[in-house]
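What follows is a short report on a single structure.
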Amino acid sequence: MTTEPPVDAVSDAFAVLSDETRLDVIRVLGDAGGTGSFDALPFSELRDRVGVDDSGRFSYHLDRLVGRFVERTDRGYRLRVPGIQVYQAIQAGVYADHEDIGPLETDIPCPEECGADCVCRYEDFRFHLECADCEAFRVRYPVDPHSFGDDLPADLLRAADRRLKRDTFSMELGFCPYCAGPVDIEYRGQRRRLREPTEAGNPVASRRTCRRCHWFIDFRTSVVALIKPAVAGEFAAAGVDTFAVPQWSGAYEWEETVLSEDPLRVELTMTVEGVTRIVAFDGELDVLAVQHPDEPVENDILRGRQS
Ligand SMILES: [Zn+2]
Ligand SMILES: [Zn+2]
């Protein structure tokens, strides 16, 4: 009876990485970057920097990396793209341990207007933001441990906002920020922890899910609106940079109304830094119209009667 040799490329890659010397090689080669490229290091210099005296032993470990993670060039050894990505994950702290932080007080008001402010904390590789009292508001999203500094909570809030913006933008462009897989959009309707239904209709939230790795983000429509070119452009013309506005409520005001269920038409009134615009969305969260509040609402467009 014969046993099949392990041919799986993924398990082979992880087997190659499960060695401290090899991870040190990746770290040293990564650190050698910074001049516009990932520099190549000659064998002897690389061995010196990794700190291995035994040339034969070092050569063995280096050879295991060559091919998938490292390439041999005329000027020495250099990281290939998969090697760079391992280095980046190490630098981001993806595989590091971290201590829980918080809860820390912030000056972000509870969006339910219960009178309390929000607290933030860092736990289980995730940023959390919630009301200190009524717990009605919650942002929870992964942030890498090395992506924020010691000035807390400011650094943590800034890191979470950046990560959320980046990922929202990627999902909005239709591809997953982690595996580049295609993204599906689904309206989930009224959501707990959003606002109570208004007289005019219910606030809605949408979920975007990666078909390949199943990563998902739930968005309020207002968060998507901030990065839509048609919306951002209107605000920019009035002197407001919507890209600089934090993703969580408190930084801006919004009121969302479902005008029609089929086809889905959503009207969003947003006020950012004193500037108000009314945005109409369809079921794909495409912008149908952006209007000044003094202009009459174009009901035909908003209600979807127009083809
Ligand atoms: Zn509250
Ligand atoms: Zn994905």
Among Asp124, Asp19, Asp282, whose mean-square fluctuation peaks in a Gaussian network model of the chain (Cα, cutoff 10 Å)? Asp19
Before I look further, what does segment 231-302 give for accessible area per residue, probe 1.4 Å, in whole square angstrom? 45 Å²
Free-standing Cys residues across the chain, given no other cysteine C-beta under 4.7 angstrom: Cys118, Cys120
With unit charges on the beta carbons (Lys and Arg positive, Asp and Glu negative) and the dipole taken about the Cα centre of the chain, which residue among Val231, Gly76, Pro142 sits farthest to the positive side? Gly76
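Quantify how much of the Cα-Cα distance distribution of segment 9-92 extends past 14 Å, in percent. Write down the numbers at each step before the final one.
Working: 2046 of 3486 pairs.
Here the tail beyond 14 Å accounts for 59 percent of pairs.
At 1.4 Å probe size, with every protein chain present, just tell me what the per residue accessible area of segment 53-158 comes to in Å².
Values: 6040 Å² over 106 residues.
The answer is 57 Å² per residue.
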Just how much of Ile108 is accessible, in Å², when a 1.4 Å probe is used and the result is rounded to the nearest 10? 20 Å²
Show me the trypsin sites (Lys or Arg not before Pro) within segment 22-107 that DSSP assigns to loop and that have at most 10 other Cβ atoms within 10 Å of their Cβ. Arg75
Exposure of His292 as accessible area (Å², to 10), given a probe of 1.4 Å and all protein chains: 70 Å²
Carbon and sulfur together cover what percent of the accessible area of segment 231-302 at a 1.4 Å probe radius? 45 percent
Leaving ligands, DNA and RNA out of it, work out the accessible area of Asp184 with a 1.4 Å probe and give it in Å² to the nearest 10. 70 Å²
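Rg(Cα) of the chain divided by 2.2 N^0.38 Å? Mind showing how you got there, number by number?
Numbers: Rg = 24.8 Å, N = 307, 2.2 N^0.38 = 19.4 Å.
It is 1.28.
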All other residues with a Cβ under 9 Å from the Cβ of Phe235 taken together, and with Lys, Arg as +1 and Asp, Glu as -1, what is their net charge? -2
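The values are calculated or read from the model by the stated rules, or taken from the named source; none is laboratory data. Everything numeric here is computed off the predicted structure, so don't read it as measured data. When we count neighbours, we look across all protein chains shown, and the Cβ atoms used for this are built from the backbone with ideal geometry, even at glycine. The area values use the complete protein model at the heavy-atom level, side chains included, leaving out ligands, DNA and RNA. Shrake-Rupley method; radii C 1.70, N 1.55, O 1.52, S 1.80 Å.
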